[in-house]
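Read the structure below first, then the notes.
Please treat every number below as a calculation from the coordinates, not as lab data. Note that the structure is a prediction, hence the values are computed from the model and not measured. Don't worry about glycine lacking a Cβ; one is built from the backbone with ideal geometry, like all the others, and counts go over all protein chains shown.
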Amino acid sequence: MYIQFKVFCNSFLFILNLKKTRSNPKSSNTSENSESKSLRFYFSMPFIIPLILVFILVILFSVRMISNFDIGFHLSAGRWITENFAFLYEDTFTYTLAGNKYMDIQWLFQLVSYFAYTVSGYDGLTFLNAMLMIFIFILILKRLAIKSIPSMYSVISLFLTIVAVQISISNKPEIFTWIYMLLILIILDNYFIFGKRKLFFLPLIMMLWVNSHGLFIIGLFIIAVYYISILIKIKSNDTYFLKWIAFSAAACFINPYFAEGVMFPFYLFTPLQNSDIFKNSITELGSPFEIINNFPFDIYLYVSITALSFILLLVTFKKRKFHEFAIMSAFFYLSVASFSNLPLFIIYAVYIITISVSDILTNGKFFRINLKGNISHYLSSACSLVIILICIRILTGAYYADYKGAIAFGSGVNNNTLPDKLSDYISGANLSGHMINQLELGGWLHWKTRLPVFIDGRFDVMKEDFFEEYKKSFSFNGVKSLSQMFKPEMIIYNHSSAYKWTDELRKLDRWSITYLDGFFTIFSKNVLEAKSEIELLTQYIKENKLDSGLTKETALSLLDFTPISATEKFMRGFYSEQYYYPELVSLGNFAMQNQNFNETEIFYFTYLGKTKKFYLDEYHTDVFTNLGNIYMARKYYEYALKCFENVLKIDPNNETANQKTSELRYIIRTIK
């Protein structure tokens with residue numbers, strides 16, 4: 001069986017042309033004695049099993065429901081280019097900014113994505129994402145093979161990389177940047193170490209990169225620092241390399257916008273400045289340290305990788321090259337400046353960690369670790385077990401718990417983040433006219449309805465002044481001011497995040513709610529048959545049968561809450577499906593905001609009933625706090641006390657709950 005499996009792996013690698021091609025020793029311009037390993041080397045025992053499991057982990061992390069806000073306008077652009085056989089030079093997606101200059105430097109990614117969608121719908125986008133991520137990790141493994149990194153270190157390196165970058169896996173053009181970056185690094189490593197003269201691929205990669213994503217300038221930077229490294233190494237000019245640098249730079253001008261397209265990255269750099277309005281308002285443009293409370297594990301892992309990589313860089317200082325220091329420093333700056341750049345740094349930093357550890361433990365002067373014998377089998381088994389356990393938690397949904405529904409395993413559209421049902425309602429009801437929409441929703445609304453939207457996520461189109469006007473809508477009378485300025489027929493937003501819009505719209509004349517789902521709502525103007533909030537909430541409850549079997553006695557019994565231990569919650573993530581019903585909490589909050597307290601109880605108690613054995617502390621804390629406030633206002637003091645005591649069971653240091661509990665106990669004693 002093992003021999004057959006090995007023959008299959010060898011055949012697979014041959015088909016993919018991943019076997020090493022020997023270079024001509026005479027062409028090498030280095031004196032290094034290390035020999036590159038073929039990827040075939042890694043398909044050998046004992047680490048073939050954890051290696052395969054790592055790639056299964058990559059697939060599972062990649063198979064996630066479509067949640068990226070920007071995929072909407074990317075698909076719209078791909079559709080527009082296909083239908084018009086032309087490139088986009090000005091905005092056609094919004095009615096507010098129509099005619100503004102739009103340099104669609106990502107058109108190649110958009111065409112590929114739209115083609116995947118036309119072939120097999122949203123499942124095609126998920127499949128495309130998974131295939132791209134597999135290719136990325138094959139390239140990472142290939143780069144480790146160039147440095148002859150042992151199998152154990154390579155498996156751990158791949159595992160650490162995928163766990164650290166998984167939060168950024170999405171249908172977005174940055175994934176193309178990761179691919180092009182790794183291809184260039186592989187070509188340059190082969191040239192720097194073995195003298196393999198394949199630099200003629202560099203202009204082709206740069207031409208593809210400049211038409212796929214605005215960070216193509218990184219490619220030119222990498223090529224330049226490798227050239228400096230060669231100058232330092234051979235102490236003379238490398239005219240062959242210099243020629244291909246010039247061709248690579250010239251290839252960047254092969255884009256629909258010529259010189260303006262080449263200058264586009266310098267405009268992208270502007271939002272990375274601390275004073276920029278976009279950086280201070282859009283999460284992924286901000287520093288990772290500014291959003292640490294949203295993604296604590298991912299940020300702490302990033303910090304740990306950063307610290308370890310720079311420590312090892314210094315410890316192995318004599319073995320490191322100029323380009324390694326330069327790329328590490330530049331990527332670290334980019335990662336600190338913007339959360340969206342974390343994967344670039346992590347991919348490179350983990351590589352530095354891996355080759356440094358290999359230098360220290362395998363080739364060290366003072367001690368070496370022998371990876372042969374039983375120790376390698378034990379390590380292989382341990383790695384395999386850890387990876388399998390994580391795979392299980394991905395399948396049950398437990399791994400994504402802290403993301404509160406924003407990331408979910410599976411295919412199709414994630415209705416927790418994208419207004420897909422709302423868009424279908426607009427199309428089905430033949431609604432038209434101008435809209436005011438929340439920024440995050442604009443791309444998807446235009447993609448699904450083809451209606452011009454108010455705003456979407458392309459900050460290079462909207463400019464600072466317009467975005468400032470949009471931001472004012474979240475202040476006092478902000479929505480009213482926008483509606484007077486742009487005369488919309490619809491206002492569309494996420495009621496769980498833009499709750500200030502709900503408060504204001506309820507007070508405006510001639511505006512009525514016409515659509516409501518778990519997260520999104522539409523307010524329309526001058527609608528003859530508009531429904532009230534209570535009618536839409538009741539309709540949602542009946543359609544989803546949320547009040548089925550829910551009596552007052554069964555509901556109030558849920559207030560007798562006994563938290564399960566953290567260990568039990570963790571263990572349940574290995575054998576039971578974990579879903580946290582964020583839509584129920586969101587609708588409960590909406591009902592409470594509109595003072596529909598009976599409906600609030602239905603949503604909250606349904607949530608509590610469905611999450612007895614698996615729950616998010618944050619959701620439970622909010623639900624019990626809100627129920628406690630309702631019962632306190634209604635003078636149901638015993639019920640209110642139970643709610644706030646439940647909050648303290650979850651969070652003993654909650655100041656509000658402690659204060660309310662003391663107050664309620666005093667009231668109850670006084671009454672008695």
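Have a look at Gly588, Tyr639, Asn544 and report the one farthest towards the positive end of the charge dipole of the range 542-671, computed about the Cα centre with Cβ charges (Lys/Arg +1, Asp/Glu -1).
The Cα lying farthest towards the positive end belongs to Tyr639.
log₁₀ I(q)/I(0) of the range 411-491 at q = 0.26 Å⁻¹, via Debye over equal Cα point scatterers, no solvent, to two decimals?
Summing over Cα pairs of the range 411-491 leads to -1.31.
Can you give me the pair-distance distribution of the range 372-438, C-alpha pairs, 5 Å bins, whole percents?
The percentages, shortest bin first, are 3, 13, 13, 13, 11, 10, 9, 8, 6, 4, 3, 3, 2, 1, 0.
Please give the direction-averaged projected area of the C-alpha convex hull for the range 464-612, in square nanometres with one decimal.
Numbers: hull surface 47.9 nm².
Projected area, direction-averaged: 12.0 nm².
With 10 angstrom as the radius, rank Asp509, Asp424 by how many other C-beta atoms surround their C-beta, starting from the fewest. Please report the intermediate quantities before stating the final value.
On the way: Asp509 5, Asp424 12.
Result, fewest neighbours first: Asp509, Asp424.
About the Cα centre, and with charges only on the beta carbon of Lys, Arg (+1) and Asp, Glu (-1), how big is the dipole of the chain? Nearest 20 debye, please. Kindly include the intermediate steps, with their values, before the conclusion.
Numbers: 61 positive and 53 negative charges, 563 e Å.
It comes to approximately 2700 debye.
For the range 62-209, would you read off the P(r) tail past 21 Å as a percentage of all alpha carbon pairs?
In whole percent, the long-distance tail amounts to 55.
Size of the range 542-671 along its principal axes in angstrom, Cα-based, largest extent first?
48, 37, 25
With a cut-off of at most 12 other beta carbons within 10 Å, and DSSP calling the residue loop, which trypsin sites (Lys or Arg not before Pro) in the range 153-259 qualify? Please list them.
Sites meeting the loop and neighbour criteria: Lys235.
Once the dipole of the chain is set up with Lys and Arg at +1 and Asp and Glu at -1 on Cβ about the Cα centre, which of Pro150, Gly428, Gly412 lies farthest towards its positive end?
Farthest towards the positive end: Pro150.
Let's see if you can work this out: charge +1 on each Lys and Arg Cβ, -1 on each Asp and Glu Cβ, no other charges. What is the dipole magnitude of the range 542-671 about its Cα centre, in debye to the nearest 20?
With only Lys, Arg, Asp and Glu charged at Cβ, the dipole is about 320 debye.
Find, among the GluC sites (Glu not before Pro) in the range 547-592, those assigned to loop by DSSP (not H, G, I, E, B) with at most 12 other beta-carbon atoms within 10 angstrom.
Values: sites: Glu553, Glu568, Glu577, Glu583; in loops: Glu577.
Here the GluC sites (Glu not before Pro) that fit, given the DSSP loop and packing criteria, are Glu577.
When the Kirkwood radius is taken over all Cα pairs of the range 469-552, what Stokes-Einstein diffusion coefficient follows at 10 °C and 1.306 mPa s, in µm²/s?
114
Towards the positive end of the charge dipole of the chain, with charges on Cβ (+1 Lys, Arg; -1 Asp, Glu), say which of Tyr470, Leu344, Asn654 has the farthest Cα.
Checking the options against the dipole of the chain, the answer is Leu344.
Going through the range 454-531, which trypsin sites (Lys or Arg not before Pro) have at most 13 other Cβ atoms within 10 Å and a DSSP loop state?
Loop-located and lightly packed - Lys507, Arg510.
So if I restrict to the alpha-carbon atoms in the chain, what is the Rg, and what is Dmax, the biggest pairwise distance, in Å?
Rg then Dmax for the chain, in Å: 28.1, 97.
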